[in-house]
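Colleague: One structure, as structure tokens, below. Some questions next.
The values are calculated or read from the model by the stated rules, or taken from the named source; none is laboratory data. Fair warning: this is a prediction, and the values are worked out from it, not measured in the lab. Ideal geometry is used to build each Cβ from the backbone, glycine not excepted, and the neighbour counts take in all protein chains shown.
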Amino acid sequence: MSPLLKYLSVLFVSMVPLIELRGAVPIGTGMGLPWHWTLIIAIIGNCLPIPIILLFVKAVLKWMRGCKINFFNKVSNWLFEKADKNRPKIDKYGAWGLFVFVAIPLPGTGAWTGALVASIFDMNKWKATLSIFGGVIGAGVIMTIVSQFGAQIVNFFAQLF
């Protein structure tokens, strides 16, 4: 596979919800791409959907709430009920909490979910964007270190056999 296709793979994987940068960085490492370019491309790809989500997801969720399709109603109502239940935590920690939430490299804690949370809670768009961007960088650094360390372990054992 050409280097361009490898970088495009990293870019597009980092844009996929739930996989995001957390999956793109190990993929880039596994394809033998330099860690710094993998990290930069994954950060860019992971951050591209954030403004769109922040601007439009709440309107989509409100439309889903009034939609005649039962599944959409259930999903939207579940999200708003969960938001109401967790409102005190969000109000308490605000932008810093959003940063930490996005920076923790676990499934379901990425930029997409962070932007969804920020939108539902009507957080300031600029503060939310900066918090999410910072969290993506933090998660990217963590995943790069883990991926590089993991690659070294694999190479070590491969040389033994």
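Colleague: Which one of Gly30, Gly66 is surrounded by fewer than 17 Cβ atoms within 10 Å (Cβ to Cβ), touching a residue at least 40 places away in the same chain (Cβ under 8 Å) and of a type outside the set (A, V, I, L, M, F, W, C)?
Modeller: Gly30
Colleague: Follow-up. In the range 89-102, is there at least one residue being in contact with a Pro (Cβ under 8 Å, 6 or more places away or on another chain) and in a helix (DSSP H, G or I)?
Modeller: No, the conditions are met nowhere in the range 89-102.
Colleague: Here's a follow-up. What's the number of the condition Ser14 fails, among (1) free of Cβ contacts under 8 Å to residues at least 40 places away in the same chain; (2) surrounded by fewer than 19 Cβ atoms within 10 Å (Cβ to Cβ)?
Modeller: Result: Ser14 passes all but (2).
Colleague: Here is a list: Gly150, Gly140, Gly108. Which entry is over 17 Å from the mean Cα position of the chain (by Cα) and in contact (Cβ under 8 Å) with a residue 40 or more places away in the chain? Quick ask: steps written out before the conclusion?
Modeller: Numbers: Gly140 fails: over 17 Å from the mean Cα position of the chain (by Cα); Gly108 fails: over 17 Å from the mean Cα position of the chain (by Cα).
Exactly one residue qualifies, and that residue is Gly150.
Colleague: Next up: Within the range 122-161, which residues are within 20 Å of Ile40 (Cβ to Cβ), modelled with pLDDT under 95 and among the aromatic types (Phe, Trp, Tyr)?
Modeller: Hit for the range 122-161 is Phe149, nothing else.
Colleague: Condition first: over 30 Å from Tyr7 (Cα atoms) and in contact with a helix residue (DSSP H, G or I) (Cβ under 6 Å, 6 or more places away or on another chain). Now tell me which residues in the range 41-66 satisfy that.
Modeller: Lys58, Leu61, Met64, Arg65
Colleague: Follow-up question, since we're still on this one. Just wondering, is there one or more residues in the range 115-122 that are surrounded by 15 or more Cβ atoms within 10 Å (Cβ to Cβ), without any contact (Cβ under 8 Å) to a residue 40 or more places away in the chain, closer than 23 Å to Glu20 by Cα and not small (Gly, Ala, Ser)?
Modeller: yes
Colleague: Could we say that Phe161 is loosely packed, with under 15 Cβ neighbours inside 10 Å and either more than 23 Å from Val13 (Cβ to Cβ) or over 17 Å from the mean Cα position of the chain (by Cα) (or both) here? Spell out the reasoning first.
Modeller: Working: loosely packed, with under 15 Cβ neighbours inside 10 Å: yes; either more than 23 Å from Val13 (Cβ to Cβ) or over 17 Å from the mean Cα position of the chain (by Cα) (or both): yes.
Answer is yes for this residue.
Colleague: Mind telling me which of the residues Ala83, Ala139 ends up being in contact with a Pro (Cβ under 7 Å, 6 or more places away or on another chain) and under 21 Å from Leu54 (Cβ atoms)?
Modeller: The conditions single out Ala139.
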